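Enquirer: Can you keep this structure in mind? I'll have questions shortly.
The values are calculated or read from the model by the stated rules, or taken from the named source; none is laboratory data. As the structure is a computational prediction, the values presented were derived from the model and not from experiment. Cβ placement follows ideal geometry from the backbone for every residue including glycine, while neighbour counts extend to all protein chains displayed.
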């Protein structure tokens, strides 16, 4: 069987024996800068805008989202935070979907997908999405536009802080996705085109 | 250098449009990288490189341990791991799953590892449709070409080339605006994503402590490949394993910056097993293929094994004065540029293309930009020495072959054979202890000495067998 054969070849080449203990791995390198909340919010907005996304701070996220989706069809994830903000009750928003086929066809036909985000990373303008019964993957993926509504306390400084909070993300979720700006390509003559397979527009509403 | 390698290089050098395309694209990527890793943009860049190198070194030195840990954790989360030794085993594995489920359509996201084993061709040979979904890779699949560059596969195609390819293969009206060309591909591929039964991805990292596959991309095709179909199969080289999820902090900061100058790629997916109870979407089945395909051959040599640290960012290609002239298709295998020049001879054997380790000015730029600090120039030198040793062996073998050919010819010409035998016997030296150990001056040539040093020659008899037979 190839498994044993390959592992045997690896061990022989390295001069190791089966089950032999390993030396300690180099210590993990995590450096979390001290950045106050206001600066993190400002950083997040600046980074998202640098990536041609929209970002704003809003006291009333419902009103902001209502303006953004006026006249459009939208599908919202099952994140409790979205219903707390009253976003799922906006006209034109479909929510509470628990069937795969319904979710697929809705996400493939709607103009906008609305989600929350588990975290955001200020220094790169990144949304961190952990898949769960509350956050399906396709909502931030199939529609041409993605709106994420994020409470300000979830904005972290960056990757270092994220992985110190979630040292093993697999314990929380089967899929953690970091989204940094709209889907893009430069595969034809290095010319930047947005919206290849994922959303070409991304908006972050910080509450 | 082989005639083929030489011819491809010359064809590239003589194509002015191609020269411009390579020079512009690599130049732009190179500039963006320099900006992204500058001391203002990333003050701890050098420490990150040192850390990345230390982690890779540790992971490779203890590879069996981390592979088994990875495997245990994938299986604990309901996924399965398949070790494959070569191209045939990978395609057989995918085919067996496709056959069991009655699947016909496969979507694929960009993966150099699957290029290495010609997976698409093998699957299509068995009647499956396997569609590349990265825009560049899709263009190349329609054009029946191999990637030109690890990161920018269709770097050599102009928008006019793309227009021709789309019109020919997709029967759409000619469209030369990249934005609209992208929309055409999006529409065709969107349907493929929704119809496909199996999604095949590569892996940028395999995380041992999590049993997770990490994918880094900009378009969203890898997310769709691993989300929309019911089955996700990730194909990865065994060297991709890193010990801990927290090590990603180091690698993710380096990878996108080195590849395209981005702080992070648009999508970084950390995938640990099939969807869990209550989740509405995500794959039902999750498989990881761990591919050897020659990698274990690189492990014994302490210097050369660092070739396996590579995270496929392509920075060494963009900065290499040789790659920037001779381009990607001159290289004899899927991996091009400096990293290709050190990987290919080790995977395929140095005699596959003996000119390859010499296709470098040894200027050292590749080693300087490598985010995991692979000492590419040093490995190139080692491989040059291997090529020379193998050529010397070849030469020695050639003389031996010539000697045997002369002998064979003599054997088929009895009279000449007898005459040669008599001459030989008359010249034969005295034996020492029953064996001939030395030959006299005119015959005492280095190859004869080398031959005799390993072999015992009996002294020549007074009469040959033929003479005895005649006198019987």
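Enquirer: If we only count helices (runs of 4 or more DSSP H) wholly inside the stretch B:71-174, which ones have 2 or more residues that are without any contact (Cβ under 8 Å) to a residue 24 or more places away in the chain?
Expert: Per the criteria, B:87-101, B:119-125, B:135-143, B:159-170.
Enquirer: Taking the condition of being in a loop (DSSP other than H, G, I, E, B) and under 17 Å from residue B:220 (Cβ atoms), how many residues in the stretch B:256-272 meet it?
Expert: 4
Enquirer: In the stretch B:243-268, how many residues are within 20 Å of residue B:56 (Cα to Cα), at the interface with chain A (Cβ under 7 Å from one of its Cβ atoms) and out of contact with any helix residue (DSSP H, G or I) (no Cβ under 7 Å at 6 or more places or on another chain)?
Expert: Count: 1.
Enquirer: Considering each of A:152, A:168, A:137 in turn, give the residue that is more than 9 Å from chain B (Cβ to nearest Cβ) and either farther than 28 Å from residue A:42 by Cβ or touching a helix residue (DSSP H, G or I) at 6+ places or on another chain (Cβ under 7 Å) (or both).
Expert: Just one listed residue meets the conditions, A:152.
Table: residues versus (1) at pLDDT 95 or above; (2) in contact with a helix residue (DSSP H, G or I) (Cβ under 8 Å, 6 or more places away or on another chain); (3) in a loop (DSSP other than H, G, I, E, B); (4) within 13 Å of chain B (Cβ to nearest Cβ).
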site	(1), (2), (3), (4)
A:5	yes, no, no, yes
A:9	yes, yes, no, yes
A:13	yes, yes, no, yes
A:19	no, no, yes, yes
A:30	yes, yes, yes, yes
A:56	yes, yes, no, no
A:75	yes, yes, no, yes
A:97	yes, yes, yes, yes
A:117	yes, yes, yes, no
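Enquirer: Something else: Could you run through the stretch A:146-161 and say how many residues are free of Cβ contacts under 8 Å to residues at least 60 places away in the same chain and either surrounded by fewer than 23 Cβ atoms within 10 Å (Cβ to Cβ) or closer than 16 Å to residue A:195 by Cβ (or both)?
Expert: Residues that pass the stated criteria total 2.
Enquirer: Here is a check on your reading of the model: is residue B:240 more than 8 Å from chain A (Cβ to nearest Cβ), out of contact with any helix residue (DSSP H, G or I) (no Cβ under 8 Å at 6 or more places or on another chain) and either buried (at least 21 other Cβ atoms within 10 Å of the Cβ) or modelled with pLDDT under 95 (or both)?
Expert: yes
Enquirer: Of (1) buried (at least 23 other Cβ atoms within 10 Å of the Cβ); (2) outside any loop (DSSP other than H, G, I, E, B); (3) in the same structural domain as residue B:237 (by TED's automatic domain parsing), residue B:318 satisfies all except one. Which?
Expert: With respect to (1) buried (at least 23 other Cβ atoms within 10 Å of the Cβ); (2) outside any loop (DSSP other than H, G, I, E, B); (3) in the same structural domain as residue B:237 (by TED's automatic domain parsing), residue B:318 is out only on (3).
Enquirer: Out of curiosity, is residue B:192 within 12 Å of another protein chain (Cβ to nearest Cβ), touching a residue at least 24 places away in the same chain (Cβ under 8 Å), in contact with a strand residue (DSSP E or B) (Cβ under 9 Å, 6 or more places away or on another chain) and not in a helix (DSSP H, G or I)?
Expert: no
Enquirer: Sticking with this structure for a sec: Exactly one condition in (1) more than 11 Å from chain B (Cβ to nearest Cβ); (2) outside any helix (DSSP H, G or I); (3) within 19 Å of the chain's Cα centre (by Cα) is false for residue A:46; which is it?
Expert: Of (1) more than 11 Å from chain B (Cβ to nearest Cβ); (2) outside any helix (DSSP H, G or I); (3) within 19 Å of the chain's Cα centre (by Cα), only one is false for residue A:46: (2).
Enquirer: Restricting attention to the stretch B:254-280, which residues are more than 25 Å from the chain's Cα centre (by Cα) and more than 18 Å from residue B:110 (Cβ to Cβ)?
Expert: B:263, B:272, B:273, B:274, B:275, B:276, B:277, B:278, B:279, B:280
Enquirer: Modelled with pLDDT of 95 or more, under 19 Å from residue A:151 (Cβ atoms) and not in a helix (DSSP H, G or I): is that true of residue A:87 in this structure?
Expert: Yes.
Enquirer: Could you please give the count of residues in the stretch B:275-285 that are more than 7 Å from chain A (Cβ to nearest Cβ), surrounded by fewer than 23 Cβ atoms within 10 Å (Cβ to Cβ) and assigned to a loop (DSSP other than H, G, I, E, B)?
Expert: 2
Enquirer: Here's something else I'd like to know. Anything in the stretch B:5-23 that is surrounded by 14 or more Cβ atoms within 10 Å (Cβ to Cβ) and part of a helix (DSSP H, G or I)? List them, or say none.
Expert: Answer for the stretch B:5-23, where residues must be surrounded by 14 or more Cβ atoms within 10 Å (Cβ to Cβ) and part of a helix (DSSP H, G or I): B:5, B:8, B:9, B:11, B:12, B:13, B:18, B:19, B:21, B:22.
Enquirer: Here's a follow-up. Give the residue that is farthest from residue B:219 (Cα to Cα), with candidates limited to residues of the stretch A:183-207 that are assigned to a loop (DSSP other than H, G, I, E, B) and more than 7 Å from every other protein chain (Cβ to nearest Cβ).
Expert: Filtering the stretch A:183-207 for residues that are assigned to a loop (DSSP other than H, G, I, E, B) and more than 7 Å from every other protein chain (Cβ to nearest Cβ), the one farthest from residue B:219 (Cα to Cα) comes out as A:207.
Enquirer: Next question. So which of B:443, B:427, B:411 ends up being at pLDDT 85 or above and farther than 30 Å from residue B:317 by Cα?
Expert: It is B:411.
Enquirer: Within the set of pairs 6 or more residues apart or between chains, which connect a residue that is more than 9 Å from every other protein chain (Cβ to nearest Cβ) and at pLDDT 95 or above inside the stretch B:41-53 to a residue that is in a helix (DSSP H, G or I) and surrounded by fewer than 17 Cβ atoms within 10 Å (Cβ to Cβ) with Cβ atoms less than 7 Å apart?
Expert: B:41/B:35
Enquirer: Could you check how many residues of the stretch B:444-472 are outside any loop (DSSP other than H, G, I, E, B) and more than 23 Å from residue B:397 (Cα to Cα)?
Expert: 6
Enquirer: Considering the stretch B:211-235 alone, what residues qualify as being touching a strand residue (DSSP E or B) at 6+ places or on another chain (Cβ under 6 Å), crowded, with 24+ Cβ neighbours inside 10 Å, touching a residue at least 60 places away in the same chain (Cβ under 8 Å) and more than 7 Å from chain A (Cβ to nearest Cβ)?
Expert: Result: B:213, B:215, B:217, B:222, B:225, B:226, B:229, B:233, B:235.
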